[in-house]
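All remarks here apply to the structure that follows.
Every read-out reported here was derived from the displayed coordinates using simple, explicitly stated rules and does not represent laboratory data. Computed from a prediction, not measured in an experiment: that's the story for all the values here. Cβ atoms come from the backbone with ideal geometry, glycine included; neighbour counts cover every protein chain shown.
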Amino acid sequence: MDGQLLDALDRMLWPVAQAAAELLIPEDLGAVRGCAAEDCGWLFLDKSHRRRWCSMKSCGNRFKARQHYARHKKG
């Protein structure tokens, strides 16, 4: 690879590395949580300390849909 390509890759990866490092700042470490969905391994930053899922659109919605289905299946 030539030097210009490597420089371009470094410039693209630097913001990703910086964001990852910022998650590990001790004051924010307590806000890093794992998704409550059994089939998800994502971590997310929860400054509200109330979230359970990495995304309500995917993991949270699937959980609530399964709960709803289970309640109505019994009845």
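Near the amide H of Trp42, within less than 5 Å, lie the amide hydrogens of Cys35, all on another chain or at least 5 residues away, with H placed in the peptide plane.
In the range 3-74, the C-alpha radius of gyration followed by the widest Cα-Cα span (Dmax) gives 18.0, 65 angstrom.
Exposure proxy shown here: for Ser55, Ser48, the number of other Cβ atoms within 10 Å sets the order, fewest to most, as Ser48, Ser55.
Each Cα pair under 8 Å and six or more residues apart adds its sequence gap; the mean of these over the residue count of the chain is a relative contact order of 18 percent. Largest GNM mean-square fluctuation across Arg51, Arg62, Arg33, computed for the chain with C-alpha springs under 10 Å, falls on Arg62.
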